[in-house]
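Every number in this text was worked out from the coordinates using simple rules, so none of it is lab data. Bear in mind that the values here come from a model prediction, so they are computed numbers and not experimental data.
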């Protein structure tokens, strides 16, 4: 695990957080996904740019390790992504 990420059952119920904080990785990734800038997150949660990159790297590793299984197609459902 990255030296900036810690999982401790005593902190945030064992969710991965930035070491030395109670800021969950999901808060950082969710903030970026929701439109916050890197600077917004650094200011709001008092983390460093390196912490943000570590959170993104950790999330990427989780996604890469995940197994995906296609769902059966449903009649009349459009599977195209919006945009």
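Sequence gap at least 6, Cα distance under 8 Å: using those rules, report the relative contact order of region 5-65 to the nearest whole percent. It rounds to 26 percent for region 5-65. Each semi-axis of the equivalent ellipsoid for the chain is √(5λ) with λ an eigenvalue of the Cα gyration tensor; in descending order they amount to 30, 17, 11 Å.
Roughly speaking, what is the stretch gain from residue 62 to residue 21, that is 0.36 nm per residue apart minus the C-alpha to C-alpha distance, in nm to one decimal?
Working: separation 41, 0.36 × 41 = 14.76 nm, distance 2.09 nm.
Extending this stretch completely gives an extra 12.7 nm.
If the segment from residue 13 to residue 53 were pulled out straight at 0.36 nm per residue, it would be longer than the present Cα-Cα gap by 12.1 nm. Taking the helices alone, the chain has a mean residue ellipticity at 222 nm of -12500 deg cm²/dmol, built from -39,500 (n - 2.57) per DSSP H run of at least 4 residues and averaged over all its residues.
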